[in-house]
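Undergrad: This is the structure I have questions about; it appears just below.
The values are calculated or read from the model by the stated rules, or taken from the named source; none is laboratory data. These figures come from a predicted structure and were not determined experimentally. Here Cβ is always computed from backbone atoms with ideal geometry, including for glycine, and neighbour counts include all displayed protein chains.
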Amino acid sequence: MTEDPPLLGMAPHEPTLQEIAHEGALDHVLAAISWSKWGEHLVLRGSALMRAWYGQDARMPHDLDFVVDSDVWRDDELQTDEIFEDLFLDVEYAPRTGLMDGLRFVPSRAERSSIHAYGARETMVRDREDGRWGFRLTLPWHCGDASGQVQVDFAFDEKLHAPPCRTAVPRPSGDPPLFLKAATPEQSLCWKLYWLWLDSRPLSKDLYDVWLLRNVRPSPQLLDRTTDLDDAASIIGTRWLHAELARWDGLDWDGFRAEHPMVRGTARDYLRAVADDLVRPLFDPDAPASPAQPG
């Protein structure tokens, strides 16, 4: 008798008022940025984009991530301070949806900071004297009894090896979607595979996102350019299918589940699904069945 595959993805759940308010605050900031004069200089990526593609199966976004794709906006502190002042005014005066009519931001507590070790990833530390990767704008907010902050990251010098595409981002209010320049699914998958394999400590959120993207088929050339490796497909495929088990011991799946309790399944389930649905067809179609992986 064939065993049924495990049920993966997010279990249905009713969001809390705090989650609803946080999602509304993120949506408001994203809308304001997309409508601003700087919107065309930015390319959306990250969890907010995954949410647009995969809906409730994607992780709840905690922040917003952009690649600065511009000849006008330079990696300069003074200019960025001026641009952030513009963006804050755009956020403050953008129309509220009915869902977030009481949303307020706190100008005196808005902060600009530099991004250095981006998400603790070794692969995203710049070879420059100050080690800066980009800039971060932090916007505290409150709405009724809920409060929090929206963190917006702007990465400079990140190469887009596939041209961005105009992408519809649904709004939680049910209003018409936002249309933003965004990284492609192929580029997003290549970044995720790069981080998952070349950082010394793989992150569970990257494994989960690769599982969502497992039916995407990037070209070998895109993967090589993104990873700066020759024949990256073979290297990653071989490592995935024949990795020492210790490679996956660094996955903090329990911590990931604590942050995202609706996630079903074990790390082993996701590793196996990615091996079957992505790695073998794309990298090594003749590979034998994968060995058991730790949960």
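Undergrad: Kindly indicate whether any position in the stretch 287-294 is out of contact with any Cys (no Cβ under 8 Å at 6 or more places or on another chain), modelled with pLDDT of 85 or more and either within 26 Å of Pro164 (Cβ to Cβ) or surrounded by fewer than 16 Cβ atoms within 10 Å (Cβ to Cβ) (or both). It would help to see each step written out before you state the result.
TA: Looking only at the stretch 287-294, we keep the residues that are out of contact with any Cys (no Cβ under 8 Å at 6 or more places or on another chain), and these are 287-294.
Right, trim to modelled with pLDDT of 85 or more and you get none.
Checking the stretch 287-294: not a single residue is out of contact with any Cys (no Cβ under 8 Å at 6 or more places or on another chain), modelled with pLDDT of 85 or more and either within 26 Å of Pro164 (Cβ to Cβ) or surrounded by fewer than 16 Cβ atoms within 10 Å (Cβ to Cβ) (or both).
Undergrad: Across the stretch 12-71, what is the total count of residues that are among the small types (Gly, Ala, Ser), over 12 Å from the mean Cα position of the chain (by Cα) and over 21 Å from Trp133 (Cα atoms)? Working first, answer last.
TA: From the stretch 12-71, those among the small types (Gly, Ala, Ser) are 21, 24-25, 31-32, 34, 36, 39, 46-48, 52, 55, 58, 70; that's our starting set.
Next, only the ones that are over 12 Å from the mean Cα position of the chain (by Cα) stay: 21, 24-25, 31-32, 34, 36, 39, 55, 70.
Now narrow it down to the ones that are over 21 Å from Trp133 (Cα atoms): 21, 24-25, 31-32, 34, 36, 55.
Count: 8.
Rundown of residues vs (1) at pLDDT 95 or above; (2) surrounded by fewer than 17 Cβ atoms within 10 Å (Cβ to Cβ); (3) in contact with a Cys (Cβ under 7 Å, 6 or more places away or on another chain), yes/no style:
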| residue | (1), (2), (3) |
| --- | --- |
| Ile20 | no, yes, no |
| Asp27 | yes, no, no |
| Ala31 | yes, no, no |
| Asp71 | no, yes, no |
| Thr80 | no, no, no |
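Undergrad: Quick check on the stretch 267-286. Is at least one of its residues farther than 23 Å from Pro6 by Cβ and in a helix (DSSP H, G or I)?
TA: No, the stretch 267-286 contains no residue that is farther than 23 Å from Pro6 by Cβ and in a helix (DSSP H, G or I).
Undergrad: Assuming Arg272 fulfils every condition listed in (1) farther than 19 Å from Ser47 by Cα; (2) surrounded by fewer than 19 Cβ atoms within 10 Å (Cβ to Cβ) apart from one, which condition is it?
TA: That leaves (2) as the condition not met.
Undergrad: Which of the residues that make up the stretch 195-209 are closer than 20 Å to Leu8 by Cα, in contact with an Asp or Glu (Cβ under 9 Å, 6 or more places away or on another chain) and among the charged types (D, E, K, R)?
TA: Of everything in the stretch 195-209, those that are closer than 20 Å to Leu8 by Cα, in contact with an Asp or Glu (Cβ under 9 Å, 6 or more places away or on another chain) and among the charged types (D, E, K, R) turn out to be Lys205, Asp206.
Undergrad: Only one of Pro61, Pro6 is surrounded by 20 or more Cβ atoms within 10 Å (Cβ to Cβ) and either outside any helix (DSSP H, G or I) or at pLDDT below 95 (or both). Can you tell me which?
TA: Criteria check complete, one pass: Pro61.
Undergrad: Here's another thing I want to ask about it. For Ser200, only one of the following conditions fails: (1) farther than 19 Å from Asp57 by Cβ; (2) surrounded by fewer than 19 Cβ atoms within 10 Å (Cβ to Cβ); (3) modelled with pLDDT of 95 or more. What is its number?
TA: The failed condition is (3).
Condition check ((1) surrounded by 13 or more Cβ atoms within 10 Å (Cβ to Cβ); (2) among the basic types (Lys, Arg); (3) modelled with pLDDT of 85 or more; (4) over 27 Å from Asp71 (Cβ atoms)) across all residues:
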{"site": "Gly98", "(1), (2), (3), (4)": "no, no, no, yes"}
{"site": "Arg109", "(1), (2), (3), (4)": "no, yes, yes, yes"}
{"site": "Arg126", "(1), (2), (3), (4)": "yes, yes, no, no"}
{"site": "Phe154", "(1), (2), (3), (4)": "yes, no, yes, no"}
{"site": "Trp191", "(1), (2), (3), (4)": "yes, no, yes, no"}
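Undergrad: Output the number of the condition that Leu241 fails; it satisfies all remaining conditions of (1) closer than 30 Å to Glu19 by Cα; (2) part of a helix (DSSP H, G or I).
TA: (1)
Undergrad: Under 6 Å between Cβ atoms, at least 6 apart or on separate chains: pull out the pairs that start in the stretch 184-197 with a residue that is over 11 Å from Val210 (Cβ atoms) and end on any residue that is not hydrophobic (A, V, I, L, M, F, W, C).
TA: The qualifying pairs are Glu186/Pro218.
Undergrad: Separate question: Take the residues of the stretch 199-232 that are touching a residue at least 24 places away in the same chain (Cβ under 8 Å) and of a type in the set (S, T, N, Q): which is nearest to Ala48 (Cα to Cα)?
TA: Among those that are touching a residue at least 24 places away in the same chain (Cβ under 8 Å) and of a type in the set (S, T, N, Q), it is Ser204.
Undergrad: Can I ask one more? Please go through the stretch 64-101 and pick out each residue that is over 30 Å from Ala11 (Cβ atoms) and part of a loop (DSSP other than H, G, I, E, B). Break it down stepwise before answering.
TA: Kept after step one, since they are over 30 Å from Ala11 (Cβ atoms), are these residues of the stretch 64-101: 66-96, 101.
If the condition is that a residue be over 30 Å from Ala11 (Cβ atoms) and part of a loop (DSSP other than H, G, I, E, B), then Asp69, Ser70, Asp71, Val72, Trp73, Arg74, Asp75, Asp76, Ala94, Pro95, Arg96, Asp101 are the ones that fit.
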